[in-house]
Amino acid sequence: YIERWFRERRQANQAITSPATGLPLPSTTLMPLLALQRAIEAYLAHRPELRRDHMAGRSFEEAAQVLQSDLLEKHAMNTNMGDEVRRLRGANKALLRQLRQCEGEKAKLVQQLQQARWQLGIAEEPSFKEIAEGVPPSSSDESTAFTCVEAEPQERSIAGQGEQDLSRLQLQLARSEQARPKSSKITGRAHRQLLSLAAVLAAMAGVLHFSKSDPPGIVHEMGSVKPVELSPLAEPDMPEISSLIGTPMRSNVFPILGHKIPARGRSPELIYYVEQLRSRNREERHQALMSLLATARGGIDMRNAIMQAGAVLPLVELLRETAAPGIQEAAAAALGILCADGEAAQSTLLRAGAVPALVRLLGSDAPVPTRAAASALRNLAANHNQAQLAIAQAGAVAPLIHLLSHSDRQLQAQAASALGNLAGDSSENHFDKQVMIAQAGALTPLVRLLRTTDSAEVREACASALRMLATNNADNQVAVAHAGAIQPLVQSLRDEAPSVREEAAAALGNLVFFNDETNAGNQAAIAEAGAVPHLAALLKDPKAQATAAGALRNLAAQNVANQEAICRDALQSLVQLVTDGKPKAQVEAAGAIHNLAAGNAKSQQLIVEAGALEPLVALLKEEAPRVREVAAGALWALARDNPELQSAIDRSGAIQPTSKK
């Protein structure tokens, strides 16, 4: 009852007093008396009739009154918190306006002071940059950006400082553009011309900067990043803004590239743009989005600074603007880029509630916001078990499968890639996720697209998704084969796109990863489809040779017919890989020779005749433990039942390093 007494006094805005004496209490902190409570409970346990009488004495009216009081108190607290948040936001906006006004007044005063000094003959005539910024010639900025090699002092003053100063000029012009009355058309035109001039000068400063400071032969692309291609390890995608955003960038939208992001703290310019994301003006929100998107393409430091400025929550809120598909699209694209940097960024988006909003966008009628949402979900699911579970639980699998039948090729590719990353082939509970996606009906449209599409990007994404769904999963290996995937995968080994050939080889290798239940059937089906000669040809492809050797290694496991075919078509190339291939290719090639030699005297003889013994012995002296281990296994398989080979290996000196292992 004492808690109820405190609550009623607070709701009535009255001082908390003692209910017995009416005097104010010096403290309202309640301390539990556990010993007394346990004694009362023990006593009531021996006297159950007292507990029943006590409970019967409480009326329903009293319980309802207590519940109503609790609800009123919580409602009052929520109302107060909401009012406080709105008050703080209003105060923040007012402070930002005052700050901008002060900066403008300061710039005017500095400019007037400098002009007065020039008229009195104290200083030289101010330059265009100084007039535009209101900075006296004696001031300097020590921060430089995008410097790979230390520049000479004169070069730094021309390039690094000029690039930074002109970026500041862009920012001031952009803000004045937003504050300018819309009725001033002539002034607006001149203002845009000044902004364009500033952008051109900034670009010129960047060219001077790199041409002066970089050594010969190094080429940079200022303000852009290379798109990340889909790799066998399912690296996250970095979507291009131009492919995701249909609205062209306005002249007063630009990335923040002229300043160093502080190591600690937050960039004022980024905070300004994040604040603009909550503006009631749709045009201001769109411009802030485009500026943040362009800035995010500047590298991982820029993206970390955007997240530290608090951009994730307002971006997630913008995903719910159903009346503005362009803003939804830009927000989804920004979130997709931000979460492409690894687990920390992905976890931040998860906590911000991005998954349900992105999944809802998958059902959008417009293809572009849907494509941006699928790309963001693809990046969010990459190698992140919790994100994969959250996306699946939010109901993303069914709409992603439905999007495989869409007419938009890029949307098909993003949907297939997202399904592949959701399979989570590297996580501990990958089996359930893989089976769930297969049972939801993903295999048939993936195989159909792989067979019929004219887009190399879609073919690569479909082959990768099939690879991930089949990884270490006997049920899905059978299901993928029954869905008719083997023949189009074998045909893809001859695809004109190298990335498609590599993904197809990896998918076939996973379909025959040794399993007592399924391996023999898939091995025979893939060999009958003509895969061995095409895989042998890929052994000469530097990009795909390790993957092709791994597929041949799995095809040869305990399958005499395949061992003979591989010895005939690929043995010489495998020996060459063991001799001079890269470590990963050497491991896969030596593993293939191991499987070819195991229990097959004919293959053992062919391997020795092909000259494999000497390079395998040489691998025993390599530094990489995995290389030595696989080479020793191949030599063991060759010499296990062959005394002559055992003697040859002894004479080669391989026994000593092997015995050390």
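The values are calculated or read from the model by the stated rules, or taken from the named source; none is laboratory data. Because the structure is predicted, anything quoted here is derived from the model rather than measured. Methodologically, a virtual Cβ is constructed for each residue, glycine included, from the backbone with ideal geometry; neighbour enumeration extends over all protein chains shown. Protein only, heavy atoms only, side chains kept; ligands, DNA and RNA dropped before computing areas. Shrake-Rupley method; radii C 1.70, N 1.55, O 1.52, S 1.80 Å.
Miscellaneous remarks
- Contact annotation: residue pairs with Cβ atoms under 6 Å, 6 or more positions apart or on different chains, pairing a residue in region 605-630 that is basic (Lys, Arg) with a partner that is crowded, with 19+ Cβ neighbours inside 10 Å and not in a helix (DSSP H, G or I), are ARG628/LEU620.
- Residue in region 313-323 that is of a type in the set (Asp, Glu), open to solvent by 10 Å² or more (accessible area, probe 1.4 Å) and at pLDDT below 90 present: yes
- Any hit, region 250-267, residues being at pLDDT 85 or above and crowded, with 21+ Cβ neighbours inside 10 Å: no
- Total residues in region 418-462, condition surrounded by fewer than 20 Cβ atoms within 10 Å (Cβ to Cβ) and not in a helix (DSSP H, G or I): 9
Per-residue answers, yes or no, for (1) more than 20 Å from GLY633 (Cβ to Cβ); (2) touching a residue at least 12 places away in the same chain (Cβ under 8 Å); (3) surrounded by fewer than 19 Cβ atoms within 10 Å (Cβ to Cβ):
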site: GLU528; (1), (2), (3): yes, no, yes
site: ALA531; (1), (2), (3): yes, yes, no
site: HIS534; (1), (2), (3): yes, yes, no
site: LYS543; (1), (2), (3): yes, yes, yes
site: ALA549; (1), (2), (3): no, yes, no
site: ASN554; (1), (2), (3): no, yes, no
site: GLN558; (1), (2), (3): no, yes, yes
site: ASP569; (1), (2), (3): yes, yes, yes
site: GLN572; (1), (2), (3): yes, yes, yes
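- Matching residues in region 584-598 - criterion: being open to solvent by 10 Å² or more (accessible area, probe 1.4 Å) and touching a residue at least 40 places away in the same chain (Cβ under 8 Å): GLN586, VAL587, GLU588, HIS594, ASN595, ALA598
- Restricted to region 271-286, and to residues there that are open to solvent by less than 30 Å² (accessible area, probe 1.4 Å) and in a loop (DSSP other than H, G, I, E, B), the residue that is modelled with the highest pLDDT is LEU277.
- Output for region 397-406, where each listed residue is in a loop (DSSP other than H, G, I, E, B) and without any contact (Cβ under 8 Å) to a residue 40 or more places away in the chain: HIS406
- Scanning region 533-550 for residues that are of a type in the set (A, V, I, L, M, F, W, C), under 29 Å from the mean Cα position of the chain (by Cα) and part of a helix (DSSP H, G or I) turns up ALA546, ALA548.
- Residues in region 637-651 include none that are open to solvent by 60 Å² or more (accessible area, probe 1.4 Å), at pLDDT 90 or above and over 24 Å from ALA536 (Cβ atoms).
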